[in-house]
Each structure stands twice: as structure tokens, then as C-alpha cells.
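The values are calculated or read from the model by the stated rules, or taken from the named source; none is laboratory data. This is a predicted model, so every value here is computed, not measured. Just so you know, the surface numbers come from the protein's heavy atoms only, side chains and all, with ligands and any DNA or RNA stripped out. Shrake-Rupley method; radii C 1.70, N 1.55, O 1.52, S 1.80 Å.
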Amino acid sequence: MTDSAAQLVDRRFARLVAEFDRLFRRPSDGGGALAVYLHGKPVVDVWAGFAHSGVPWAQDTVAMAFSTGKGVASTLVHRLAERGLIDYDEPLAAYWPEFAAAGKDRITVRAMLSHRAGLHRLRGLLPGPVERFFDDAAVTAALAAAAPDPRHKVTSGYHGITYGHLAAELVRRVTGTDFTDALRTEIAQPLAAEELWFRVPESARGRIATNFPRLTVAGMSWERGSRLMARTRFAAAADTTPVGFAELVADSRLHNSVMPGLNGVFSARALARMYGALANGGQLDGYHLLRPDTIEQMTRRQVFTPDYVLAFRIPWALGYHGVPMKPSKADPISAFGHFGLGGSGGFADPATGMSLGFVTNRLGSKLTPLGDARLARLGALAHNLARAA
């Protein structure tokens, strides 16, 4: 159950908090945090369960949120585009000349942001032990030299991890500064959303919740599951992670790296504040994160054909996916953001002026950590309550 100290529950969202509490009734459920903003004001900030075995989740607990970080990295790219440092329709190589290798000279920033760069493959990208993938510069250089999958000319192919390296390098090239420095000065500090971390400060590492269970695929080890996937129509999905991926994400050295497609460590309130600005015309507490016209551009659907990695249709915008708030296929998508492996995520819902951030250390179900319906249920309920508020 939630520890009531310093928690915030607007009575209009009491049903949402009750649903959140039900997720973390037993120690085996782990823990998590949920934050909601409505029209730029906080209405929910709660936490429950356990951060570590026998250690309750606290107000300052943070969690690794996997692909949730793609939305954070994308927001930074759009800040720079709004300032004229990036043109969506320019080749990525215009900012990063080495990227033109192997026939990639015409791949645009827009294509990269919508997972159409053809560089989903991480498996086999670097020879040697999996520890090599802690070297961000080596991974980035290998991606610049790699040949794209030809299917990128037809449809999207989800860049599960590589998206973050591509976005981070683009930021570095146009700003001349480290990605984490740009994120801190452009978004985290001015929005008072400190806990948007990719390289986690040493002083904060004790706050990171322990993720569990160990990464598996349908109850099998990650490697065995990946080998079996490689024989199916999901072969491209198996290529998005390197050999030894389960060991990579369990290694504390991961927090020394900058992998915005994988290793973001966030608080729910920091995610809700960033997306709260995007749901509120681009500003929060007097800080103008983005203009409304920029938000309209970046959330415009770019592709909605079967993704060659995920094997189903994804409504990709520029760095975000659409978040349907109702099961009906006829209803338009009212929200955008990014979910992460295991169930964490954050999104903005401009139709209601609502944003939501959710982090957890229990990665999906006991059978598979690939995700479950927790965030979808919370998001749909929050959307309905915000409409009625």
C-alpha cells in the first residue's frame, strides 16, 4: 500500500490511485510510482510497494525505464529543431558526415525519428564480449559505418536500442556538448525535473530500484528465446539486442553509459512534468518547452504500416508512438509518448490537458518481462477521469 507521507491525491483521481495501489499489494509485486498533471498542475504523486527486497519504495526512489527514454531523447531533439539547429528533412549526414557510409547519405532526420533508418540491428554489431556495448562511442561509430536494412524504404523497423545512440549523437553534433549536459540544461533543470537521467550521478545510484524478474522470453532465457525468435517472423526483433543482453542490463556499469534507447532512470514525477508541458500547450510553470506548432509537427503520424521488427502496425510520430485511450479502432489517438519494456512509460494527452508518468521495478508478468497491461489500464482510466474533471 502507499505510504501517505507527502503523497498527493486529487479527489477527482481517487479511483486511479486505488487502481495503482492494487498493483502492489504483495512483496512479489515489487513497487512503483505514478504521477499525473492536469492543465499544468500536479493532481497525483504517489508510490507504493518495494524498491528492494524488504525496502519500501520511497518518495525519492527512481527506476530504470528502458524505452521510456526514447520519448525524453526525442523531446530534446525537438527543442533543438525549434531553434533551427536541426531540420527534420535534412539528411542525418548533414550533421554527422560519417553517417553517410554504406548508402545512408539520404536517410533524413525525419526517417530516423520514425524508426526508418534501417539500423535496428545491434546483435553482431560489435565483436567481442557484451561489455563492449558499454562503450557508447564504439556503438555509435559502428552504427555510422553499418549498412541499413533495405526494408527501411518501405516501412518502419523499431530501433529498440539503437534509436537512443542515433538521437544522442545528433544532439552532440549540433550542440557541441554531451547529450546529458544538453538534456539537463534544456529540459531537466528548467522544468525542475531532475530525475531524467541516462548517466546516473554516483550520489543518486542508491535510489535506483532493483528490477526483477530476470529478463526472459516466454519463460526461457533471453538467449534461448532470441535464438528461437530468429527462426520466426520475429527474427528482426531478436537482432535488436546483443548476445548477453540479460547480463548487460543487470550490470551496474550500465549507469555509466548514455543509451537513451535503453538505460533511462527516471522518477514518475519528472516524466509527468516533461509530458505535462507538452500536454499544456508546451509550457509548465512559466517555462516554454516547445511551441504549439512544434508539438503539432512532431506528433503528426509518419507511418502506420506493419513494422518489420515488431510485426504489427505502430502509429509512429517523430520519436513517439500514439497512445490509444480506448480499444475502439474508430477513435482517433489522443495521446503520445513512449512506453518501456516491463511496463514503465510516460505520455501527454493534449485532448484533456493531462500527462502521466509511471515507473516500476517489476518487469511485466512472471512469464515475460516484455510488458503487461498495467500502464494501459492506468492511462485509460486517467484519460477518462481527466475528461470528467
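Between the range 88-130 and the range 195-268, what is the separation of their alpha carbon centroids in Å?
21 Å
Using Cα pairs closer than 8 Å and at least 6 residues apart in sequence, work out the relative contact order for the range 1-148, in percent.
This gives 15 percent for the range 1-148.
Hey, what did the range 146-290 get for relative contact order, percent, Cα under 8 Å, at least 6 apart?
Relative contact order for the range 146-290 comes out at 33 percent.
Please label the shape of the range 221-282 as rounded, prolate or oblate, based on the square roots a ≥ b ≥ c of the eigenvalues of the alpha-carbon gyration tensor (a/c under 1.5 means rounded; beyond that, a/b larger than b/c means prolate, else oblate).
oblate
Counting only Cα atoms, I'd like the Rg/Rh figure for the range 1-129, Kirkwood definition for Rh.
Rg/Rh: 1.15.
First compute the accessible area of the chain with a 1.4 Å probe, then give the percent of it belonging to carbon and sulfur atoms.
The computed percentage sits at 54.
Calculated from DSSP H runs of 4 or more alone, at -39500 (n - 2.57) each and per residue, what is the 222 nm mean residue ellipticity of the chain, nearest 500?
Roughly -8000 deg cm²/dmol at 222 nm, from the helical runs in the chain.
When the Kirkwood hydrodynamic radius is evaluated over all pairs of different C-alpha atoms of the range 268-319, what value in angstrom, to one decimal, is obtained?
Radius from the Kirkwood sum: 12.5 Å.
As a test of understanding, state the convex hull volume per residue of the range 130-211 from its alpha carbons, in Å³.
In the range 130-211, the Cα hull volume divided by residue count equals 162 Å³.
What residues qualify as long-range amide H neighbours of MET354, i.e. H under 5 Å apart, gap of 5 or more or another chain, H built at 1.01 Å from N?
HIS39, ASP349
Compute the accessible area per residue over the range 106-224, keeping the other protein chains in place, probe 1.4 Å, unit Å².
With all protein chains present, the range 106-224 gives 41 Å² per residue.
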